[in-house]
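Q: Handing you a structure now.
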Amino acid sequence: MKKRIDVIANEESYNNLSSLKDIEELNKTVRVYRDTIRMSIKRTDVQARLIALLEVLKRHSCKQIGVSYMCKNTIADKLEVSYKTVQRLMKKLEDLGMIRQVPMKRKKDMMQTANAIIIQPAEDEMSYKPHVKESKKCPAIKTTTSFLKLNIKNNKRKAAAHFFHVDTQENSLKNANFVAHWVPDVFSNLVGSFYEKAETIQEFWKVIKQCNKVIDYSTNKRAFTGKQELEIGTKSFKEFAMKVKSGVNMHKGPFAYFNGIVNKIMNDLYFDAAFMDNNN
């Protein structure tokens with residue numbers, strides 16, 4: 001017996017189903033799930049397909065954050081796999097707690113339409129460690145009151161000096177602003193002239209890496225080489241900077257807007273024979 005479908009497919013319903021705050025949280029969630037898939041799935045071909053499916057869902061979940069509503073046939077075409085394979089991959093992601101599917105119906109005829117696919121927030125991993133009680137050592141020999149007082153004063157001085165030194169080191173490390181080694185220097189210097197925080201520079205580069213899709217799952221080959229990625233990244237960020245200066249309203253935030261610019265440039269250059277041949 002089929003279950004009754006109560007949710008009507010419209011923008012309000014998709015907004016209500018969203019459980020993520022913004023694009024940045026969506027990107028972080030997908031990165032956590034990619035690592036989980038690599039850790040929990042042994043077969044590399046299944047890993048690649050699950051990650052590719054997750055990326056497709058993410059790219060089509062920017063309007064209503066974390067919610068997409070593509071039919072499975074469309075997803076199968078994008079991944080170049082069969083409808084049954086998409087069903088199995090969806091079931092696996094649901095079992096892993098990464099997505100949830102909600103049946104939807106059309107408003108005009110109340111007939112079933114494509115399910116809403118919701119990317120679930122990643123749960124924070126909490127480690128519970130037993131509290132270890134510190135053992136108190138008693139003095140081995142008798143000591144006088146004056147000796148104890150002098151000893152306590154000396155210990156306090158040593159402790160104060162030690163904690164001051166440690167605190168100074170920790171503050172220096174916290175205030176350090178180093179960009180990760182996997183961000184190319186050329187791109188880091190370009191973005192660094194507009195944004196000071198290393199996290200922001202790294203997030204812009206992650207957008208470029210995520211937009212470079214896998215085209216051969218057997219070898220994990222991507223559409224563009226590292227050299228091409230860097231050229232596309234610098235070109236995209238220069239265009240993004242011009243848009244910022246012209247006062248463009250970025251409704252979904254700067255990273256979502258930059259994601260759109262990178263996708264457009266990659267789509268154009270992928271069919272540019274001169275670019276693909278010269279940069280290989």
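Q: Where in segment 101-122 does the amide nitrogen come within less than 16 Å of the point 7 Å from the Cα of Arg31, taken along Cα to Cβ?
A: The answer is 122.
Q: Expressed in nm to one decimal, what extension gain is obtained for the pair Asp109 and His251 from 0.36 nm per residue of sequence separation less their Cα-Cα distance? Could you put the intermediate results ahead of the total?
A: Details: separation 142, 0.36 × 142 = 51.12 nm, distance 3.27 nm.
Roughly 47.8 nm would be gained on extension.
Q: Computed over the Cα atoms of segment 235-280, what is the ratio Rg over Rh, Rh following Kirkwood?
A: Working: Rg = 12.7 Å, Rh = 11.7 Å.
Value, to two decimals: 1.09.
Q: Just to make sure I understand: if all protein chains stay in place, what is the order of Cys71, Cys211 by accessible area at 1.4 Å, largest first?
A: Working: Cys71 55, Cys211 5 Å².
Largest to smallest exposure gives the sequence Cys71, Cys211.
Q: Could you sort out which of Lys58/Lys209; Lys21/Lys58; Lys28/Lys209; Lys28/Lys245 sit more than 24 Å apart by Cα distance in this structure?
A: Numbers: Lys58/Lys209 14 Å; Lys21/Lys58 14 Å; Lys28/Lys209 14 Å; Lys28/Lys245 28 Å.
Distance filter (> 24 Å) returns Lys28/Lys245.
Q: Starting from the residue with the highest accessible area, list Arg59, Arg43 in decreasing order, probe 1.4 Å. Could the numbers behind the result be given before it?
A: Working: Arg59 50, Arg43 150 Å².
Sorted descending by solvent-accessible area, the residues read Arg43, Arg59.
Q: Top to bottom by accessible area (1.4 Å), largest first, where do Trp205, Trp182 land? Before the final figure, lay out the partial values.
A: Numbers: Trp205 10, Trp182 105 Å².
Listed by decreasing accessible area, they come as Trp182, Trp205.
The values are calculated or read from the model by the stated rules, or taken from the named source; none is laboratory data. What you see is a predicted model; the values in this text were computed from it and never measured. Cβ atoms come from the backbone with ideal geometry, glycine included; neighbour counts cover every protein chain shown. With ligands, DNA and RNA removed, areas are computed over all heavy atoms of the protein, side chains included. Shrake-Rupley method; radii C 1.70, N 1.55, O 1.52, S 1.80 Å.
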